[in-house]
Amino acid sequence: MEMDDIFLQADSVTLSIDLQASPFSTREDSLVSLWHELKANTVEPLQASALELTSFADECLFCALIRERRKVHYDDEDLLGSSSYLETQECTLSQPSNNDPIGLIYVHSSPSNIPAREVNVGIVVCSQKRRRGYAREAMLLALGWVFDELKFHRAQAAIMDVADKDRAIPLLHFRWVFA
């Protein structure tokens, strides 16, 4: 992953706009699986003019992969050798753990909603990575961009009747405080 592919990043996640994958790769398998789950659990992908991820992404204001960032810990001793005059401090380097996405997130606004400064959002995180705060962090990054950069004032999401529905509601129910 190149820095040009990274759109937004936080402590635990990176949002990347690179939606391409080599045929028959594990990345392609992950993308296909996430795309099918997103279509099954959100509204806007089903209303797209074409039912492919890249076509849907072209219709969105923002559509990105969610990638997990791994934290690697080093001590000063590891970095500088054993030096008696230095206190041991932890140095953290965050980097992508691999190239496989753990989720998809989108921000979509129909032509009639753009003048009203309203967007619809959708997110899906693969089942193995749920309940770790990744969806919340990714949503805060995306909404920060929507409210702070684009100056939109309303975001909404349709929460489908799924097992984690009750956990999703607090994720999306908050007020953005403008600086």
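Results, tabulated for the structure shown:
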item	result
Accessible area in the full protein assembly, largest first, 1.4 Å probe, for ILE105, ILE114	ILE114, ILE105
Net charge of Cβ neighbours under 10 Å - reference HIS153; Lys, Arg +1; Asp, Glu -1	+2
More than 12 angstrom apart: percent of Cα pairs within region 1-61	73 percent
In Å², nearest 10: area of VAL124 left accessible to a 1.4 Å probe	10 Å²
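The values are calculated or read from the model by the stated rules, or taken from the named source; none is laboratory data. Not measured: the values here are computed from a predicted model. Ideal geometry is used to build each Cβ from the backbone, glycine not excepted, and the neighbour counts take in all protein chains shown. Side chains included, ligands, DNA and RNA excluded: accessible areas come from the protein's heavy atoms. Shrake-Rupley method; radii C 1.70, N 1.55, O 1.52, S 1.80 Å.
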